[in-house]
Amino acid sequence: MPLSFSQRAHVPASGPNRGVNLKAGLGLSLIVLFFVVSGVGAALNINVLREDAAKVQHTHSVITSLDELVSTLQDAETGQRGFLLTGKEQYLAPYSEALIRVPTTLDRIARLTRDNAVQQERVAPLRRHAEAKLAELRETIDLRRSAGPDAAVAIVNTDRGKATMDAIRDQLGLMQQEESRLRQIRIDEMDDAYRAAW
């Protein structure tokens, strides 16, 4: 007895049609798998790029704070020299600002580098040298007020302040090298993520 149209529609495919359906299903599955893997890869790359961009920005913040510290101390030293030469109090404005800004900047550097044990070991000597520099500036300023310019200049001529400033620059140089190294690693990771994304 011949099959009706509706009965023929429910007969499973056999022979060549079944092979075609299997290949089409396999092809469709591979296409879906490709897009899933591509999507996951893109999401991972975007996450790496986002994290590394934040880390590079963080590194720039550390380097900026290190530069700010040395600049503030140099300004304080310039103000001190002007006061020692002239005895005019207005020259001490940069020194007075440094008394506030140096501890704040040191605290910021310590906070920004708390995730890096190498940098944290360098913060303590940096703080010690910066405090010694401010103490030396204060001593010469006090001497200029109490004993005159010659007594203050005698302290400057011992080169104690220069040695302290050199120690600060050395410490800052080491810290900047470490931050530059970290920045390069992060930039390389970003480049790898960009290449993988393409």
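The values are calculated or read from the model by the stated rules, or taken from the named source; none is laboratory data. Quantities reported herein were computed from a predicted structural model and do not represent experimental measurements. Glycine also receives a Cβ, built like all others from the backbone with ideal geometry; neighbour counts cover every protein chain displayed. These area figures cover heavy atoms from the full protein model, side chains too; ligands, DNA and RNA do not enter into them. Shrake-Rupley method; radii C 1.70, N 1.55, O 1.52, S 1.80 Å.
Can you find a residue that is open to solvent by 50 Å² or more (accessible area, probe 1.4 Å), at pLDDT 95 or above and touching a Pro at 6+ places or on another chain (Cβ under 6 Å) anywhere in the stretch 81-101? Within the stretch 81-101 (the criterion being open to solvent by 50 Å² or more (accessible area, probe 1.4 Å), at pLDDT 95 or above and touching a Pro at 6+ places or on another chain (Cβ under 6 Å)), the answer is no, since none of the residues qualifies. Of all the residues in the stretch 116-137, those that are in contact (Cβ under 8 Å) with a residue 24 or more places away in the chain, of a type outside the set (Asp, Glu) and within 19 Å of ALA76 (Cα to Cα) number 7.
In the stretch 140-165, the residues that are over 21 Å from HIS129 (Cα atoms) and open to solvent by less than 60 Å² (accessible area, probe 1.4 Å) reach residues that are of a type in the set (Phe, Trp, Tyr) and outside any loop (DSSP other than H, G, I, E, B) with C-beta atoms within less than 8 angstrom, at least six apart or across chains, in these pairs: ARG144/PHE83. Checked across the stretch 42-54, the condition of being surrounded by 14 or more Cβ atoms within 10 Å (Cβ to Cβ), modelled with pLDDT of 75 or more, within 30 Å of ALA154 (Cβ to Cβ) and out of contact with any helix residue (DSSP H, G or I) (no Cβ under 8 Å at 6 or more places or on another chain) holds for no residue.
Of the residues making up the stretch 87-117, those that are over 21 Å from ARG144 (Cβ atoms) and in contact with a helix residue (DSSP H, G or I) (Cβ under 6 Å, 6 or more places away or on another chain) are ARG101, THR105, LEU106, ARG108, ILE109, ALA110, LEU112, THR113.
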